[in-house]
Amino acid sequence: MSEAEKNPAFEELLKYLKNNRGFDFTGYKRSSLMRRVDRRMMAVDLDDYDDYRDYLEVHPGEFAYLFNTILINITSFFRDPEAWTYLVDEVIPRIVERRGEDETIRVWSVGCASGEEAYTLALLFAEAMGLDDAVTHLKIYATDVDEDALAHARQGGYSPEHVEPIPDDLRDTYFELDGGRYVIHGELRRCVVFGRHDLIQDAPISRLDLLVCRNTLIYLNAETQSRVLARFHFALNPNGYLFLGNAEMLITHASLFTPVSLEHRVFRKVPKETPRDRMVLLTQAGDERAADELGVYVRLREAAFGSATVAQIVIDRDGYLVLANEKARRLLDLDHQDLGRPFRDLEISYRPVELRSVVDRAKSERHEIAIEDVEFRRSKEEDAIYLDVAVVPLRNNGERALGVSISFRDVTRNHELESELHRSNQELETAYEELQSANEELETTNEELQSTVEELQTTNEELRSINEEMETMNEELRTANDELQSKNQELRERTDALGQTEVFLESILASLEVGIVVIDRDFDILLWNERAVDLWGLEEHEVKGRSLLSLDIGLPVGELAEPVRTFIEGDESGGELELILDAINRRGKSVRVSITNTLRLDPHGESKGVVLLMEEVEG
Ligand SMILES: C[S@@+](CC[C@H](N)C(=O)[O-])C[C@H]1O[C@@H](n2cnc3c(N)ncnc32)[C@H](O)[C@@H]1O
C-alpha cells in the first residue's frame, strides 16, 4: 500500500504545505514525519490532519512552529569524534595534497544546521593548509533549508558548552572569547558561505572535493535518498569524498559510491562510464600526481564545455543524458536531476524536434545528421526562436561508440536576417517590376511625345506654308489695295470733278430763269431747280423721288402724262415737245406755262427720262 493510500488526509496536508509554502515534505520518511506533525497538533490541541490544515490556513504563524518541529537541528562540533579523526588522518591530507597550484578546495556541508559542522571543517582544513592559504584557497559551502538555523550559523558565536568538543588548542587558535561566547576567527569565518538550499529541490553545488551530509539523509525515504545521492555523485569531483553520518549506510548505492571507510562513513565516487569518468579511472591506476594533472585537464575541458556558447548535451552509449552545458540547461530547461536519466524519457528527446530516431540513425549510420531551422517556442508567451540541431555520433578513436553529442545553435538572428533579406528581395523585385512598368510607360509616353513632336512639326510646316500662302495673299491684297486706292483716288478725283460739275450745273440751273424738272421714265422727280421752287412752292427735298403726277400743285400734271409718256417711249432722239398749260403759280396767280420736253439720253442711247423746262408765258 502506498503512503498516500495509508493516510490520505496526511498526504493532503503535505500537498497543502508544498503548494502554499513551497516546502516539499513528500520525500520524507512518513513514520518520523508523522510523529513530528502529531507533536505539533497536540500542542494546538488537534488530532485530525484536515482540521490541522484548516488551522494552518487561519493561523499562518503556525507554519514556523511546524517547520521547527519537523526540521531537527541537533548538531555539535566534532560530532562522532572518531569519524572526524579519520577524516583528519586519511581524507583531508589527500585533498590538500592533490590540490593543484592556485586551486581552491571546495567543500559542501549539506544540512549544516547551526553551523558547527561547517566550522569544524573550516578549522581542520585551516590546520592542514595553514590559515593564510585557507583564507584564499578554501571554500566551504554550508547550506540548510532552515533559515533560523542559518541565521544562528552566520553569527558564528557559541556558548562555552557548545565549543567543549573542540580540542583546546584549536579552540584557542580559531575562536575568540567575546562576552562569554566563543566567536569564530574572522578570517576563517570568511571561508564559510552560508545559504538556504533545499537538497531535494535545488541544483547541487558542483566540483566538490568533499561533500559532508551527516544525519540528514536519514529523514528521507529511500526513493528521495536515491535521487539526492545521484546528484551528490554528479556534484563531486572524480576523486571527491562523501562523508555521511553514522546511521547512513549507502549499501544500495554501491554503483555510485564505494566505501573508503565504512566504519566512519567515508565514501568515494564510483566513476561512471562517461568519457570524463573513464579517463579518470584510467589514471587512477597510476600515481596520484598524474591523476591530479588529469583532473585539472578534465576540469578544464569541463569548464570549456560548460561555458561553450552553443548549447550542447551528450548522451552516453546506453542512452543516458550525461552532460549538458550551462547554455543547454538554460535553453532546454534541463536541471541536474535530468542528468543520468534516459534521454528517451526527457522532453528534449521529442521537443522542439523528434530526436530519438535521429540519434539512432546517427549512431547506426555513423555520421552527423543536421536538422536546420527548427522552430522552438519555450512557452506560449515567448517568441519563437530557431535552432540548427546537429546530432554527432561520438566514437573512441573512430572505433567503439561512446555516445552522441547534440548541439543546438541559436540561429534566430540568421533566421530574422534571412526573412528580412527575403522581404527586401521581394520588395526589390516589386520595385524592379514597378520600375520596369514605369520605364515602359515612359517609353510609351516618349513615343507619344515623339509622335506629338512629329505632329507639331507637320503642323508647323503646314502653318509655314499657310503663312507663305497668306504672305502671297497679303501681297495680292496689297496690290489690290494699291489698285483700289488708285481707283479710289481716281474715283475721288472723278467725284471731285463730278462735284465740281454738279456745283457748276447747280449754279447754272439756279441762274436759269426757267424751271427745270427732270423725271425718269416713271415720272419720279430726279431734279427740281430753284425756279421750279419759285413757280410751284415746293422745295426740292419735298419732291425728289416722288412722281410728278402725284404732286398737288397749280399745274395740271394729269395733262402732262400722255404726251410726255409718248415722248419718252418714242424713238426720237433729241427733239422737243412743247405744251402750253394753264396753271396757277404759288402766289395764286393764273399763268400760262410753256413746258418743253427735252429727251435725256444716256450714253447707250436708251431713254431714261425727260427734262421739262417750265416758264411763264404771256397769254
Ligand atoms: C539533524 S541536522 C544535521 C546537522 C549536521 N549535519 C550534523 O550532522 O550535525 C539535520 C539538518 O537537515 C536539515 N534539513 C532537513 N531537510 C532538509 C532539506 N530538504 N534540505 C536541506 N536541509 C534539510 C535540517 O534543517 C537540519 O538542520
* Does region 328-339 include one or more residues that are at positive phi, assigned to a strand (DSSP E or B) and surrounded by fewer than 17 Cβ atoms within 10 Å (Cβ to Cβ)? -> no
* Asked: Tell me, which residue of region 235-245 that is surrounded by fewer than 23 Cβ atoms within 10 Å (Cβ to Cβ) and within 16 Å of the ligand (Cβ to nearest atom) is nearest to Glu263 (Cα to Cα)?
  -> Gly245
* To do: With respect to Arg154, determine if the residue is of a type outside the set (A, V, I, L, M, F, W, C), more than 15 Å from the ligand (Cβ to nearest atom) and in contact (Cβ under 8 Å) with a residue 40 or more places away in the chain.
  => no
* Asked: Could you list, in sequence order, the residues of region 49-103 that are under 19 Å from Ile218 (Cα atoms) and among the β-branched types (Val, Ile, Thr)?
  -> Thr69, Ile70, Ile72, Ile74, Thr75
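Residue-wise test of (1) part of a strand (DSSP E or B); (2) in the same structural domain as Phe234 (by TED's automatic domain parsing); (3) touching a residue at least 12 places away in the same chain (Cβ under 8 Å).
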{"residue": "Val314", "(1), (2), (3)": "yes, no, yes"}
{"residue": "Val322", "(1), (2), (3)": "yes, no, yes"}
{"residue": "Lys363", "(1), (2), (3)": "no, no, yes"}
{"residue": "Ala370", "(1), (2), (3)": "yes, no, yes"}
{"residue": "Val374", "(1), (2), (3)": "yes, no, yes"}
{"residue": "Asp383", "(1), (2), (3)": "no, no, no"}
{"residue": "Val391", "(1), (2), (3)": "yes, no, yes"}
{"residue": "Leu402", "(1), (2), (3)": "yes, no, yes"}
* Asked: Can Phe232 be described as of a type in the set (A, V, I, L, M, F, W, C) and either away from the ligand (no atom under 16 Å from the Cβ) or in a strand (DSSP E or B) (or both)?
  -> no
* Kindly establish whether Thr224 is buried (at least 17 other Cβ atoms within 10 Å of the Cβ), modelled with pLDDT under 90 and either within 30 Å of Arg35 (Cβ to Cβ) or not assigned by TED's automatic domain parsing to the domain that holds Val37 (or both). => no
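Within region 374-389, how many residues turn out to be in contact with a Phe, Trp or Tyr (Cβ under 9 Å, 6 or more places away or on another chain) and either surrounded by 18 or more Cβ atoms within 10 Å (Cβ to Cβ) or within 14 Å of Ile348 (Cα to Cα) (or both)?
Matching residues across region 374-389 total 7.
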* Inspect region 138-146 for any residue being farther than 30 Å from Thr252 by Cα and over 51 Å from the mean Cα position of the chain (by Cα) and give the result as yes or no. => yes
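A quick yes/no check of all residues on (1) in contact with a helix residue (DSSP H, G or I) (Cβ under 8 Å, 6 or more places away or on another chain); (2) touching a residue at least 60 places away in the same chain (Cβ under 8 Å); (3) within 30 Å of Phe23 (Cα to Cα):
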| position | (1), (2), (3) |
| --- | --- |
| Asp169 | no, no, no |
| Gly180 | yes, no, no |
| Glu187 | yes, no, no |
| Phe194 | yes, yes, yes |
| Leu229 | yes, no, yes |
| Pro238 | yes, yes, no |
| Glu248 | yes, no, yes |
| His253 | yes, no, yes |
| Phe257 | yes, no, yes |
* Looking only at region 52-98, which residues are of a type in the set (Gly, Ala, Ser) and within 14 Å of the ligand (Cβ to nearest atom)? -> Ala64, Ser76, Ala83
* Scanning region 33-85 for residues that are under 60 Å from the mean Cα position of the chain (by Cα) and among the hydroxyl-bearing types (Ser, Thr, Tyr), which turns out surrounded by the fewest Cβ atoms within 10 Å (Cβ to Cβ)? -> Tyr65
* Asked: Can you tell me which residue in region 192-223 is farthest from the ligand (Cβ to nearest atom), limited to those that are acidic (Asp, Glu) and more than 44 Å from the chain's Cα centre (by Cα)?
  -> Asp209
* region 101-149: number of residues that are closer than 30 Å to Leu66 by Cα, more than 11 Å from the ligand (Cβ to nearest atom) and surrounded by fewer than 22 Cβ atoms within 10 Å (Cβ to Cβ) -> 1
* Asked: If only one of Thr85, Thr26 is assigned by TED's automatic domain parsing to the domain that holds Leu208 and either at positive phi or without any contact (Cβ under 8 Å) to a residue 24 or more places away in the chain (or both), which one is it?
  -> Thr85
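The values are calculated or read from the model by the stated rules, or taken from the named source; none is laboratory data. In this text, all values refer to a predicted model and were calculated from it rather than measured experimentally. Positions of Cβ are backbone-derived with ideal geometry, glycine not excepted, and every protein chain shown enters the neighbour counts.
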